[in-house]
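Peer 1: Below is a structure I'd like to ask you about.
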Ligand SMILES: [Ca+2]
Ligand SMILES: [Ca+2]
Ligand SMILES: [Ca+2]
């Protein structure tokens, strides 16, 4: 299903209010359905399992997680995770990633941007409780991103990571994208504005019908992240507190890298009459941006360590 079909599927969808949790009737289900129809038409044994959206925290822009409703309603596994030694990922015991090199933001020097993504991945890697191997691969194409390819009708992005490189690369950082990408993936027509409050997004793709490690959870095939260039990004480690109107890329890259390594949103989001949206407890994996956070907090470490402790220690 190309862009025009996706748009047709979205016709009538309107801007939505803020919700914090998965919902069968979330407008972004149309995006999951469209992507899965395309994957099926390509003959790929892949499906989109969930979309995790990071809210800017401005106004009432919460984040949310949208789980494939077809999975929710069926008798499939209730969640997903990477499977160690997964045959369909080359029996690897490490996690590999690629970084897009063309979809940069003009907000700070392009030359710094890959290093910020690496910082995001390596900060999780440095947790010594579970020293999984996290290894960068050379980008298989300058413009990476299957969802971007899909949303732009093949004009941008690439199918290389779900095609010839399928099973070789686990995590794809697809770059900074402008509207209308954000409205489309959030489930409204371009210009309707439902994507305006989303800072970043992570798409989880799972294999269909496998549970290689027998843990009752679908096995992840690929994770893909993007960042919203409609916002102004900074990389000085100082600017980017709530209310600054600018956002620290390292903080958001760390958050999206957490999703790539199976961390879900964490903590409660509440509405305060003076402060607006607040989170508790504070964590990198809060569903909204909460200012500069360039180090993992207790809840982030706890989830990461328990999840990855069964994997062999590597560097
Ligand atoms: Ca891209
Ligand atoms: Ca599994
Ligand atoms: Ca920007």
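Peer 1: Name every residue in region 188-233 that is more than 16 Å from ligand 2 (Cβ to nearest atom), part of a strand (DSSP E or B) and under 19 Å from residue 148 (Cα atoms), in order of residue number.
Peer 2: 198, 199, 200, 201, 202, 203, 224, 225, 226, 227, 228, listed by residue number.
Peer 1: Can you tell me which residue among 170, 213 is in contact (Cβ under 8 Å) with a residue 40 or more places away in the chain, farther than 18 Å from residue 252 by Cβ, in contact with a strand residue (DSSP E or B) (Cβ under 8 Å, 6 or more places away or on another chain) and buried (at least 23 other Cβ atoms within 10 Å of the Cβ)?
Peer 2: Just one listed residue meets the conditions, 170.
Peer 1: Check 108, 146, 119 and return the single one that is away from ligand 3 (no atom under 16 Å from the Cβ) and either within 21 Å of residue 204 (Cβ to Cβ) or over 17 Å from the mean Cα position of the chain (by Cα) (or both).
Peer 2: Matching residue, one of 108, 146, 119: 146.
Peer 1: Given the conditions (1) farther than 27 Å from residue 215 by Cα; (2) modelled with pLDDT of 90 or more, report the number of the one that residue 14 does not fulfil.
Peer 2: Of the numbered conditions (1) farther than 27 Å from residue 215 by Cα; (2) modelled with pLDDT of 90 or more, the odd one out for residue 14 is (2).
Peer 1: Looking only at region 134-162, which residues are in a loop (DSSP other than H, G, I, E, B), more than 10 Å from ligand 1 (Cβ to nearest atom) and in contact (Cβ under 8 Å) with a residue 40 or more places away in the chain?
Peer 2: Answer for region 134-162, where residues must be in a loop (DSSP other than H, G, I, E, B), more than 10 Å from ligand 1 (Cβ to nearest atom) and in contact (Cβ under 8 Å) with a residue 40 or more places away in the chain: 137, 138, 140, 153, 154, 159, 161, 162.
Peer 1: Would you call residue 253 touching a strand residue (DSSP E or B) at 6+ places or on another chain (Cβ under 9 Å) and within 16 Å of ligand 1 (Cβ to nearest atom)?
Peer 2: yes
Peer 1: So, in region 120-151, of the ones that are touching a helix residue (DSSP H, G or I) at 6+ places or on another chain (Cβ under 6 Å) and surrounded by fewer than 17 Cβ atoms within 10 Å (Cβ to Cβ), which residue ends up modelled with the highest pLDDT?
Peer 2: The extreme case among them is 127.
Peer 1: Could you look through region 272-315, keep only residues that are exposed (fewer than 13 other Cβ atoms within 10 Å of the Cβ) and touching a strand residue (DSSP E or B) at 6+ places or on another chain (Cβ under 6 Å), and pick out the one that is farthest from residue 118 (Cα to Cα)?
Peer 2: Ranking the qualifying residues of region 272-315, first place goes to 272.
Peer 1: Shifting gears a bit: How many residues does region 169-183 hold that are more than 11 Å from ligand 1 (Cβ to nearest atom) and closer than 16 Å to residue 100 by Cα?
Peer 2: Adding up the residues that qualify gives 4.
Peer 1: (1) within 26 Å of residue 183 (Cα to Cα); (2) at pLDDT 95 or above: which one isn't true of residue 245, the others all being true?
Peer 2: Among (1) within 26 Å of residue 183 (Cα to Cα); (2) at pLDDT 95 or above, residue 245 violates only (2).
Peer 1: If you go through region 222-271, how many residues are within 16 Å of ligand 3 (Cβ to nearest atom), free of Cβ contacts under 8 Å to residues at least 60 places away in the same chain and either surrounded by 24 or more Cβ atoms within 10 Å (Cβ to Cβ) or closer than 30 Å to residue 160 by Cβ (or both)?
Peer 2: Adding up the residues that qualify gives 5.
Peer 1: For residue 55, which of the numbered conditions (1) within 21 Å of the chain's Cα centre (by Cα); (2) under 23 Å from residue 149 (Cα atoms); (3) modelled with pLDDT of 95 or more fails to hold?
Peer 2: Exception for residue 55: condition (2).
Peer 1: Quick one: would you say residue 218 is more than 14 Å from ligand 3 (Cβ to nearest atom) and either in contact with a helix residue (DSSP H, G or I) (Cβ under 6 Å, 6 or more places away or on another chain) or free of Cβ contacts under 8 Å to residues at least 40 places away in the same chain (or both)?
Peer 2: It is false that residue 218 is more than 14 Å from ligand 3 (Cβ to nearest atom) and either in contact with a helix residue (DSSP H, G or I) (Cβ under 6 Å, 6 or more places away or on another chain) or free of Cβ contacts under 8 Å to residues at least 40 places away in the same chain (or both).
The values are calculated or read from the model by the stated rules, or taken from the named source; none is laboratory data. Predicted model only: the values in this text are computed from it and were never measured. Neighbour counts are summed over all protein chains in view; Cβ atoms, including those assigned to glycine, are modelled from backbone coordinates with ideal geometry.
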